[in-house]
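**Q** Structure below; questions to follow.
The values are calculated or read from the model by the stated rules, or taken from the named source; none is laboratory data. Please read all numbers here as calculations on a predicted model, not as lab measurements. Glycine gets a Cβ as well: all are built from the backbone with ideal geometry, and neighbour counts include every protein chain shown. Heads up: the accessible areas ignore ligands, DNA and RNA and are worked out on the full protein's heavy atoms, side chains in. Shrake-Rupley method; radii C 1.70, N 1.55, O 1.52, S 1.80 Å.
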Amino acid sequence: MSNATRFHSFPLIKPDFRFFSRPLRFNLFSHNPNHQLSSLRPLCSNSNQANSSRSIVGGLLDYLNESWTQFHATAEAKEQLIDAGFHLLSENDEWDLQPGGRYFFTRNMSSLVAFAIGEKYSIGNGFHVIAAHTDSPCLKLKPKSASSKSGYLMLNVQTYGGGLWHTWFDRDLSLAGRVIVRRDDGTFSHRLVKVKRPLLRVPTLAIHLDRTVNKDGFKLNLETQLIPLLATRHEDVSSEHKGKNADLSLKDGHHPLLMQILSDEVGCKIDEIASIELNVCDTQPSCLGGGNDEFIFSGRLDNLASSYCALRALIDSCQSPGDLSNEHAIRMIALFDNEEVGSDSAQGAGAPTMFQAMRRIVDCLVHNYVGESVFERSIRQSFLVSADMAHGVHPNFVDKHEEHHRPELGKGLVIKHNANQRYATSGVTAFLFKEVGKIDNIPTQEFVVRNDMGCGSTIGPILASGIGIRTVDCGISQLSMHSVREICGKDDVDIAYKHFKAFYRNFSDIDKKLRVDG
């Protein structure tokens, strides 16, 4: 959620893999080191209960631990879609789409659009879309990152988004992102990289040298005092990486030691790395926490929690052979990059990516139909859920919330309202979204910001105004938004997942009962 004004060792928990839709690659972590495995609350339902009560929390923790960057989040979503039988498309190729088909494509490997076409789709029917974003506030390496001070090798970084930058101090940090590798045949390959071990640190100044910090607050210069340490000056570069490779690294503005670490991770030579695009990432795993394991402690909850709930809702609502047999609409998710910096990029919500895809889908399905304004009619029947994390009421700062709109953790999705259109919700769209949940007794909450405070925004208004699609802004309630380590309620993840599935399943029936225009 964009708003420019806006920790430990853990015992391993072995989850019961029977209840997850795909195997976990990471163990789950309990925040309480005194918990015994037998005392932990299960993450999912008894196998005799209905499938609808299954928890996706284990899968979310796996997704968060895999998705250190927007590139990894997109790659993980891609893998899950392929595993579920969705067909990968290329925006560069001609599409051949059929009712009942499931498809997706990626852009820049940091944004993704996936969709499933109802078997009863007819010309002019709409799209039911859930949109979220893959990026989070973080530090990113500058194009020339090499820096040296007082005997230390350091990495120059840029701040990305409106982060709480003081939370990045004294954390075990590392690097992840992508590199472009030059092949022997002259072609180039796109490779993801993640250095899983603690590699970097931004140390705070000792209180003995800053006696007033607790009274006056921690104030920092983002250019000169937020520079991570990489190593001491004496680089331990193996002989095979010395000579011209070391010269190449220095010429490109990066420490030879950094380039060696990257080449080892990717499995290539230093001089084969043509370009790097790296985020600084916290290495502490996402985990359950709280006295009853009711919380999720993690980085990047804003907005990977929404992205994952949308992804699983789409996949699971199209999983069984009959799931699309009575569907007249097209179910879709759109996961965008660069929301935290305004969405104005080729892979952000400000680009026409989703609308171009919608038009191409309609064009593929109309065949020889020669009627008027098919795409425009489809948009009139469409509905967008803009899913981004919401501000839960902070128990130590209750007065920061409007008295009657204080969302709590564990109480369901938060529908966001703003009279000045910082959110795209209207009375009609809020009503429709609440109604699809009421069928399954799914709770919701309401949020408006105080009149004397600034309001963040989302991709909702951007997409709503881009083509006139009806939109509701909603999100999972959380604390510590834009911190290196955030908090949300475990139950809210499952509630959001169920609400999104109910949206796909129920929206058509609810929508046809309400007439506003005409």
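**Q** Sum -39500 (n - 2.57) across every DSSP H segment of at least 4 residues in the chain, then divide by the residue count to get the 222 nm mean residue ellipticity, nearest 500.
**A** Rounded to the nearest 500, the figure is -7500 deg cm²/dmol.
**Q** Accessible area of residue 138, 1.4 Å probe, to the nearest 10 Å²?
**A** Around 10 Å² of this residue is reachable by solvent.
**Q** Along the Cα-to-Cβ line of residue 222, 7 Å from the Cα, sits a label point; which residues in region 467-511 have backbone N less than 15 Å from it?
**A** 482-484
**Q** Let me ask something additional. With all protein chains present, calculate the accessible area of residue 453 using a 1.4 Å probe and round the result to the nearest 10 Å².
**A** 80 Å²
**Q** What number comes out for accessible area per residue over the chain if the probe is 1.4 Å? Units Å², please.
**A** 44 Å²
**Q** Here's another thing I want to ask about it. I need the P(r) histogram for region 51-123: all alpha carbon pairs, bin width 10 Å from 0 out to the longest distance, whole percents.
**A** 17, 40, 31, 12, 0
**Q** Whole-Hz Karplus ³J(HN,Hα) for region 347-360, in order, using 6.51 cos²θ - 1.76 cosθ + 1.60 and θ = phi - 60°, x for Gly and Pro?
**A** In residue order, the calculated couplings are 10, x, 5, x, 7, x, 3, 5, 5, 4, 5, 4, 5, 5 Hz.
**Q** Using only protein heavy atoms and a 1.4 Å probe, report how much of residue 197 is accessible, in Å² to the nearest 10.
**A** For residue 197, solvent-accessible area is about 120 Å².
**Q** If you don't mind, there's one more thing I want to ask. What fraction of the DSSP beta bridges in the chain is antiparallel, stated in percent and rounded to the nearest 5?
**A** In the chain, approximately 70 percent of DSSP beta bridges are antiparallel ones.
**Q** I'd like to compare 344-351, 82-89: which one has the highest average count of other Cβ atoms within 10 Å, and what's the full order after that?
**A** 344-351, 82-89
**Q** Please give the direction-averaged projected area of the C-alpha convex hull for region 84-148, in square nanometres with one decimal.
**A** 7.6 nm²
**Q** What does the charge count around residue 351 come to, taking other residues whose C-beta lies under 13 Å from its C-beta (Lys +1, Arg +1, Asp -1, Glu -1)?
**A** Overall, the nearby charge balance is -3.
**Q** Among 133, 166, 394, what's the order by accessible area (1.4 angstrom probe), most exposed first?
**A** Descending accessible area places them as 166, 394, 133.
**Q** Further, regarding this structure: Which three numbers, in whole Å and largest first, are the semi-axes of the equivalent ellipsoid of region 188-230 derived from its Cα gyration tensor as √(5λ)?
**A** For region 188-230, the semi-axes come out at 34, 12, 8 Å.
**Q** Of all the Cα-Cα pairs you can form in region 334-402, what percent are over 15 Å apart?
**A** Percent of Cα pairs beyond 15 Å in region 334-402: 69.
**Q** Right, next: If R0 is 41 Å, what FRET efficiency do you get for residue 421 and residue 269 from their C-beta distance, rounded to 0.05?
**A** The pair residue 421/residue 269 has a calculated efficiency of 0.20.
**Q** Contour minus end-to-end for residue 431 and residue 209, with contour as 0.36 nm per residue of separation and end-to-end as the Cα-Cα distance?
**A** 74.3 nm
**Q** Which of the trypsin sites (Lys or Arg not before Pro) across region 81-172 are loop residues per DSSP, with 13 or fewer other Cβ within 10 Å?
**A** none
**Q** Let me check something: with ligands and nucleic acids excluded, how do 413, 222 order by accessible area (1.4 Å probe), largest to smallest?
**A** These residues rank, largest area first, as 222, 413.
**Q** For region 409-450, state the semi-axes of the equivalent ellipsoid (square roots of 5 times the eigenvalues of the alpha-carbon gyration tensor), sorted largest first and rounded to whole angstrom.
**A** 20, 13, 5
**Q** Now a separate question. Take the cross-link list 194/498; 120/512; 219/416; 434/513 and give me the ones stretching past 23 Å between alpha-carbons.
**A** Long pairs (Cα-Cα over 23 Å): 194/498; 219/416.
**Q** So, with a 1.4 angstrom probe, what is the percent of accessible area on the chain that is carbon and sulfur?
**A** Looking at the chain in its full context, I get 48 percent from C and S.
**Q** Evaluate the Debye formula for region 403-490 with equal point scatterers sitting on the alpha carbons, no solvent, and hand back log10 of I(q)/I(0) at q = 0.18 Å⁻¹, in q order, two decimals.
**A** Debye intensities relative to I(0), on a log10 scale: -0.87.
**Q** Please compute the Kirkwood hydrodynamic radius of region 132-198 from all pairs of different C-alpha atoms, in Å with one decimal.
**A** 14.6 Å
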